[in-house]
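Take a look at the structure below.
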Amino acid sequence: KNILDVGCGMGGLSKILLDNEFKVESLTPDNNQYEYINSKYTDLTVHHMKYEEFSAQSRFDVIINSESLQYINLEKAFHKSTNILKDNGIWIIIDYFRIHDKGVNKSGHLLSDFIKMTDKNKWEIISSKDITKNILPTLKFATFIVKRFINPLGDFVLEKVRVKYSWFYYLIQQYKNDIKLKRHKEMSALDPAKFSSEKKYMLYVLKKRVNYLK
């Protein structure tokens with residue numbers, strides 16, 4: 001199978017696929033990720049651009065968005081996938097979606113918008129699985145790390161600045177509330193209870209509708 005790994009991160013999934021003799025190409029718009037993959041996995045083809053800007057030489061059998069769809073405009077994502085996926089190909093999406101618009105953290109697409117866009121663009125969901133419970137232990141561990149180490153370290157550094165560089169501390173006072181608000185939003189994304197009440201982590205497999213192919 002000819003696979004495109006969209007938003008490939010550091011290239012871990014692409015490398016696993018390559019090692020298992022799949023034909024895979026990776027895509028990332030991030031400079032550091034692109035440079036890392038080129039130096040670490042020299043046998044892997046990686047495209048340095050946004051998915052919306054990608055132009056394929058030939059169509060793919062499989063497109064994978066592993067926690068990367070949330071960064072792409074849904075309309076553009078469906079348009080691009082329609083154009084570069086073979087008619088009988090599949091689109092695998094693993095990501096979290098907001099189940100309502102009332103949460104503090106607004107990352108991720110609204111699930112209702114995704115479902116509507118699927119229908120609008122003549123795709124069908126041939127498989128879906130809610131894997132929210134599977135990722136909650138990871139979120140719990142991440143929350144522990146932030147509360148136990150990262151937040152105290154930040155407070156310690158800020159206090160050091162206040163004591164040694166009071167003039168600079170005074171200058172950044174206006175940004176403290178913005179920092180606190182940002183911290184609150186990020187923690188809302190990690191807190192297992194808040195996450196499960198506001199979002200769903202889903203595994204979808206999509207295929208173009210038969211009537212679309214006709």
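Listed by position, the strands (runs of 3 or more DSSP E) inside segment 1-113 whose residues that are surrounded by fewer than 17 Cβ atoms within 10 Å (Cβ to Cβ) number at least 2 are 45-48, 85-98. For segment 80-120, a residue qualifies if it is in contact (Cβ under 8 Å) with a residue 12 or more places away in the chain and of a type in the set (Asp, Glu), and the qualifying residues are Asp87, Asp95, Asp113.
Check whether at least one residue in segment 111-122 is more than 21 Å from Gln70 (Cα to Cα), among the hydroxyl-bearing types (Ser, Thr, Tyr) and modelled with pLDDT of 70 or more, and report yes or no. No; the residues of segment 111-122 include none that is more than 21 Å from Gln70 (Cα to Cα), among the hydroxyl-bearing types (Ser, Thr, Tyr) and modelled with pLDDT of 70 or more.
For every residue, the table says whether it meets (1) charged (D, E, K, R); (2) open to solvent by 40 Å² or more (accessible area, probe 1.4 Å); (3) out of contact with any Gly (no Cβ under 7 Å at 6 or more places or on another chain); (4) modelled with pLDDT of 80 or more.
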{"site": "Ser127", "(1), (2), (3), (4)": "no, yes, yes, yes"}
{"site": "Thr132", "(1), (2), (3), (4)": "no, no, yes, yes"}
{"site": "Lys147", "(1), (2), (3), (4)": "yes, yes, yes, no"}
{"site": "Pro152", "(1), (2), (3), (4)": "no, yes, yes, no"}
{"site": "Leu158", "(1), (2), (3), (4)": "no, yes, yes, no"}
{"site": "Glu186", "(1), (2), (3), (4)": "yes, yes, yes, no"}
{"site": "Lys200", "(1), (2), (3), (4)": "yes, yes, yes, yes"}
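The values are calculated or read from the model by the stated rules, or taken from the named source; none is laboratory data. All values reported here derive from a predicted model rather than from experimental measurement. As a convention, Cβ positions derive from the backbone with ideal geometry for all residues, glycine included, and neighbour counts pool all protein chains shown. Heads up: the accessible areas ignore ligands, DNA and RNA and are worked out on the full protein's heavy atoms, side chains in. Shrake-Rupley method; radii C 1.70, N 1.55, O 1.52, S 1.80 Å.
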